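Participant: Structure provided below as structure tokens; questions to follow.
The values are calculated or read from the model by the stated rules, or taken from the named source; none is laboratory data. These figures come from a predicted structure and were not determined experimentally. Counting neighbours? That spans all protein chains shown, and the Cβs are built from the backbone with ideal geometry, glycine included.
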Amino acid sequence: MLSRYLDPEDSANIPFSYKFYQWWYRFFCRYLIGITIKDITYAFRGFDMEYIRQLNLESGGFEISPEITLKTWLSGGRICEIKGRQGRRIAGESKFLFSKQGFGYARILIKGIIKKRTGRWIGS
């Protein structure tokens, strides 16, 4: 996974509102699930497609990024963070609005907490 938080300079381009929500999401993931990944919500990543298909992903929106990370981590998969910087958008604009995506992120967090406590990922 690319992480924009391994070096503080790499997170300089992230808008404050994103940093705010990401900080809280990481806080809850760390203290309620135990995962220590620094940039759990970032979608820039590489992975083994065969392994990912076995995770039975259910998300259809931006929350698929933390779903991949939580399911991988909770199933004993290997996650490596690589230092990286978010670049400036050249064309278009972000379609991410936390007010629209918050429910999906919360749903994945709650499922991760249940998996951590019971050993079972509900809904898949």
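Participant: Do we find that E58 is within 23 Å of R4 (Cβ to Cβ) and of a type in the set (D, E) in this structure?
Facilitator: Criteria not met by E58.
Participant: In addition: Report whether or not T69 is touching a helix residue (DSSP H, G or I) at 6+ places or on another chain (Cβ under 9 Å), closer than 25 Å to L6 by Cβ and either touching a residue at least 12 places away in the same chain (Cβ under 8 Å) or buried (at least 16 other Cβ atoms within 10 Å of the Cβ) (or both). Break it down stepwise before answering.
Facilitator: On the way: touching a helix residue (DSSP H, G or I) at 6+ places or on another chain (Cβ under 9 Å): yes; closer than 25 Å to L6 by Cβ: yes; either touching a residue at least 12 places away in the same chain (Cβ under 8 Å) or buried (at least 16 other Cβ atoms within 10 Å of the Cβ) (or both): yes.
For T69, the condition - touching a helix residue (DSSP H, G or I) at 6+ places or on another chain (Cβ under 9 Å), closer than 25 Å to L6 by Cβ and either touching a residue at least 12 places away in the same chain (Cβ under 8 Å) or buried (at least 16 other Cβ atoms within 10 Å of the Cβ) (or both) - is met.
Participant: Given the conditions (1) β-branched (V, I, T); (2) out of contact with any Pro (no Cβ under 6 Å at 6 or more places or on another chain); (3) at pLDDT below 90, report the number of the one that T41 does not fulfil.
Facilitator: Exception for T41: condition (2).
Participant: Collect the residues in segment 1-30 that are more than 14 Å from L70 (Cβ to Cβ) and aromatic (F, W, Y), keeping them in residue-number order. Let's see the steps before the verdict.
Facilitator: Residues of segment 1-30 more than 14 Å from L70 (Cβ to Cβ): 2-24, 27.
Y5, F16, Y18, F20, Y21, W23, W24, F27 - these are the residues of segment 1-30 that are more than 14 Å from L70 (Cβ to Cβ) and aromatic (F, W, Y).
Participant: Go through S11, S59, S3 for me and flag whichever is under 21 Å from K111 (Cβ atoms), out of contact with any Leu (no Cβ under 7 Å at 6 or more places or on another chain) and surrounded by 15 or more Cβ atoms within 10 Å (Cβ to Cβ).
Facilitator: Numbers: S11 fails: under 21 Å from K111 (Cβ atoms); S3 fails: under 21 Å from K111 (Cβ atoms).
Being under 21 Å from K111 (Cβ atoms), out of contact with any Leu (no Cβ under 7 Å at 6 or more places or on another chain) and surrounded by 15 or more Cβ atoms within 10 Å (Cβ to Cβ) holds for just one of S11, S59, S3, which is S59.
Participant: Among the residues that make up segment 110-123, is at least one of them surrounded by 15 or more Cβ atoms within 10 Å (Cβ to Cβ), touching a residue at least 60 places away in the same chain (Cβ under 8 Å), in contact with a helix residue (DSSP H, G or I) (Cβ under 6 Å, 6 or more places away or on another chain) and small (G, A, S)?
Facilitator: There is at least one residue in segment 110-123 that is surrounded by 15 or more Cβ atoms within 10 Å (Cβ to Cβ), touching a residue at least 60 places away in the same chain (Cβ under 8 Å), in contact with a helix residue (DSSP H, G or I) (Cβ under 6 Å, 6 or more places away or on another chain) and small (G, A, S).
Participant: Working carefully through the options K111, K100, find the one that is among the basic types (K, R), modelled with pLDDT of 90 or more and more than 13 Å from M1 (Cβ to Cβ).
Facilitator: K111
Participant: Is there a residue being assigned to a loop (DSSP other than H, G, I, E, B), surrounded by fewer than 17 Cβ atoms within 10 Å (Cβ to Cβ) and modelled with pLDDT under 90 anywhere in segment 16-35? Before you say what the answer is, go through the steps one by one.
Facilitator: Here is the first cut: in segment 16-35, the ones assigned to a loop (DSSP other than H, G, I, E, B) are 34-35.
Next, from what is left, pick out any that are surrounded by fewer than 17 Cβ atoms within 10 Å (Cβ to Cβ): 34.
Restricting the remaining residues to those that are modelled with pLDDT under 90 gives none.
No - not one qualifying residue is present in segment 16-35.
Participant: Then there's this: So is I52 assigned to a helix (DSSP H, G or I), β-branched (V, I, T) and modelled with pLDDT of 90 or more or not?
Facilitator: yes
Participant: Let me ask you something else. Could you say which residue among S94, S65 is out of contact with any Gly (no Cβ under 6 Å at 6 or more places or on another chain), of a type outside the set (D, E, K, R) and assigned to a loop (DSSP other than H, G, I, E, B)?
Facilitator: Details: S65 fails: assigned to a loop (DSSP other than H, G, I, E, B).
None of the other options fit; the residue is S94.
Participant: Right, here's the next one. Would you please name the residue that is farthest from S11 (Cα to Cα), looking only at residues in segment 35-66 that are touching a residue at least 24 places away in the same chain (Cβ under 8 Å) and of a type in the set (S, T, Y)?
Facilitator: The qualifying residue farthest from S11 (Cα to Cα) is Y51.
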